[in-house]
Amino acid sequence: MNHNIELYAYKYLTKQNFPKSLRKEDYEIMFQIARELLLSGILLKYNEFDNCDLKDKLRKLNKINILKNLHHLAVLDQIKAKFSENKIPFFLLKGSALEKTNIFKHNERHYRDIDILVSPKNLEKSYMTLKQIGFKYFNNESADLAKYLYKKHHLPPMINNDGVIVEIHHRATKEKYLKECFITKNIVNNAVEIDGFFVPNKKDLIVHAAYHGLLHHSPNHPPNFLYDIYILLNGDVKMLNQAKHDFLLLKLDTKFNLMKEIFEKAFSNALDINEMTYLVDKLGLSISKNYIETTNNVMCFKKKKDKFSFKKIITYLQDISYYYQVSFLSIRFFKLLIIKFFKNTYHLCYGSKK
């Protein structure tokens, strides 16, 4: 593992002290990791950095993230009021749901955007409701529709003038992983109410976090979800056992056993550094392997490399229709395709920010 990056990101799993093995020239990549993966709060909580410049930068980054979290909470109140007025039931997902459980401190767990789940029949109505409180599609060239989804599990991202992004989901998972989404059904049926918001119960938060971390973002698994589950369990691995059947349905039985081993040893203070890095790597959560590459002995973030295939072409064409909300058969679709071909922007379907 490159320079033991994992030791810092997963320090909460072990009580064992470790030598500060980062080279001075690699502190910048640590800051990039904190910024890109929203780890500033976790890194500051569990680590004592000997580099004052890095510590100061992490603290400043964390203050920015805290302010964003607080702003998200204010927007959530707006959404709750407007959706209630329009009689649209909705459920919070992921970061915003975890925020409402109050198990994390504001300076600890950060999230990029607000994710809400609505019934498919209320998808278009939810889109129109968000428009009423100042939200528009992130892509400023998108048509004013909520129609072309294909196999997407949410509408294209929407954004307001303050830069808050909201995604309206009609299911909690991608169809390619679950044809019939039992996670969505469980969230709706087992939700608990907190401050007027409906959020998944702890078991469903754990399952959705595992799905998101181990399947949705495969192969570059983000490290945050493991921390979410660590905090949700609160030292009680029995709660993880309650979710075992759901892990089996997701075909994550091997990963479940690895996670259980990690948490059992972490909660009993029996996880040493070497075993921790081994198990984290085996679980597929090595930050070094997933996000970092070394060129000429210099560490930097990996750039995504898409392999060319017929399936990729079909997906790309669907993405244009999805992000721009245009029909395959429209003249505008072919104009967009021609423009993107000549601009060589095959990987960009978001358009530009409003």
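Only the coordinates and a few stated rules stand behind these numbers; no lab work does. Since the structure is predicted, the reported quantities are computational estimates derived from the model, not experimental observations. Heads up, the Cβs are rebuilt from the backbone with ideal geometry, glycines too, and the neighbour counts pull from every protein chain shown.
Rounded to the nearest 20, the Cβ-based charge dipole of the chain about its Cα centre (Lys and Arg +1, Asp and Glu -1) stands at 1040 debye.
Name the shape class, rounded, prolate or oblate, that the alpha-carbon gyration tensor gives for the stretch 117-159, where a ≥ b ≥ c are the square roots of its eigenvalues, rounded holds for a/c under 1.5, and otherwise prolate holds if a/b is larger than b/c and oblate otherwise. Because a/c hits 1.5 or more and a/b fails to exceed b/c, the stretch 117-159 counts as oblate.
Expressed as a fraction of 2.2 N^0.38 Å, the value expected for a compact globular protein of N residues, the C-alpha radius of gyration of the chain is 1.03. With each label modelled as a point 7 angstrom along the Cα→C-beta vector, the CYS52-SER327 pair spans 6.6 nm. Which value results for Rg/Rh of the stretch 143-241 when Rg is the Cα radius of gyration and Rh the Kirkwood radius based on the inverse mean 1/r? Taking Rh as the inverse mean 1/r over Cα pairs, Rg/Rh reads 1.00. Applying both filters, DSSP loop and at most 11 other Cβ atoms within 10 Å, to the trypsin sites (Lys or Arg not before Pro) of the stretch 126-220 gives LYS151, LYS176, LYS179.
Among the chymotrypsin sites (Phe, Trp or Tyr not before Pro) in the stretch 120-155, which ones are in a DSSP loop with at most 12 other Cβ atoms within 10 Å of the Cβ? Mind listing them?
Passing sites in the stretch 120-155 are TYR150.
Relative contact order of the chain, taken over Cα pairs closer than 8 Å and 6 or more residues apart, is 20 percent.
Note on the stretch 10-62 and the stretch 192-209: Cα centroid distance 30 Å, given to the nearest whole angstrom.
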